[in-house]
Each structure stands twice: as C-alpha cells, then as structure tokens.
Amino acid sequence: MATRINLLDWRAARRARRKQQFLTLLGLGIGASAALLGLGYVTVTEAVAHQQSRNQYLSTQISDLDKQIKEIQELEKVKANLVSRMNVIQQLQESRSATVHFFDEIVNTLPDGIFLSSVKQSGQSVTIEGIAESSGRISAYLKNLDSSPWFKDPKLVVIKTGEKNKQRNSEFTLQVTNLTKASGDETAEASGRTEVKP
C-alpha cells in the first residue's frame, strides 16, 4: 500500500478553495444581478409601452369629446336662436291685438273737428300731431285720452294757430303714454306718417 504525502501547505489550499468559492459566488451574484436588471428593463419597457398606448387612447377620446363639445355648442347656438325667434313670434302674437287696440283707441278718443296728420311711437311714448278747428277741441281730445284705459298723462307740447280758407285752425303736437303691451319695435308701423280721420 502506497502512502500519499501532501507536501502543500494546508493553509494555502484552504485559501485557494475559499477564493474559488468567492469567485463562484461573485459570478452567481453578477449573473443574478444581470438577470434582475434585464427583467426590470423588460418590465419597465412594457409598462412604458402600455402607458403610451393608454395615453394614445386617451388622446383619441379627448379629441372625440372635443368634437362632440363643439357640436353641442353649435346645437346650443341653434337652440338659443330658435328660442329667441319663438319668443319674438310669441310677443308678436300677444301684441297683435294690442296694436289694433292702440289705433282703435286713438280713433275712439278723437272728437269731431280734429284731424291727425302723424302718430309716432317710441317705446311707450306716443307723439300725436294734427289740426283742430279750435283749441277747445284739443282740450276735449286731451280729456278723452286721459280718461282712456289705454293711455295716461297726455301733455300738450305745441299749439300753433293759423288761418286756412278763412277758418282759424290750430296745429298741435301732444304726447301721451301708451299702456298697451306693444313695444316700440312692434309698433313701428305707427312710426310712419299716418292720416287718421274720424
């Protein structure tokens, strides 16, 4: 039987063995770290790609919503325009009879001997111009207007006395407040020169 004699230093052998273990563990650690880094990179890349796709989807949805908002705003404008027209039509319907009452009352309060040459309305203020056979008839006209439920506060603005065809006639201008619901815009037909005779 042969005897084996180890002439190497046992400490050097242990040192070499430990160094080999250290290098092995170091290699395993570097490999594990690289694997973890690779896995993290792949995960982050996928997360970024997923987030970018979500952002793209959201951008598309926001663009669609912007288009819908513009369409809704256009529809709101059309609706407001239609409502405005409906209100004007309703006001015209309501004031149609008021305009008839206005002219009817102008004629009903007119005494004999007075001829109107102009009736103008601005808002609720009405300016009436005409010719009277005497100033007493103008006074009677003012009383008639004051007692009418459609007018109030008649005021004589101007009166001029002259002679035509050997008759003393008085040209007058008076103002009165109209109590009907007709507005100034809707009584524009009264703004022109209107010949009204009893």
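Nothing in this text is a laboratory measurement; each read-out follows from the coordinates by a stated rule. Just so it is clear, the structure is predicted and the values come from calculations on it, not from any experiment. In this analysis, Cβ positions are derived from the backbone assuming ideal geometry, glycine residues included, and neighbour counts consider all displayed protein chains.
Sorting 143, 70 from the fewest to the most surrounding beta carbons within 10 angstrom yields 70, 143. Taking amide H atoms as placed 1.01 Å from N in the peptide plane, the amide H of residue 169 lies under 5 Å from those of 162, 163, 164, each 5 or more residues away in sequence or on another chain. Averaging the Cα positions of each part gives two centres, and for region 105-168 and region 13-92 these lie 82 Å apart.
Taking other C-beta atoms within 10 Å as the exposure proxy, 24, 127, 99, 109 rank 24, 127, 99, 109 from fewest upward. Counting every other Cβ atom within 10 Å of each residue's Cβ, 152, 160 order from fewest to most as 160, 152.
When Rg and Dmax are taken over the Cα atoms of region 53-103, they come to 21.9, 74 Å. Over region 114-174, Cα pairs under 8 Å with separation of 6+ residues give a relative contact order of 33 percent.
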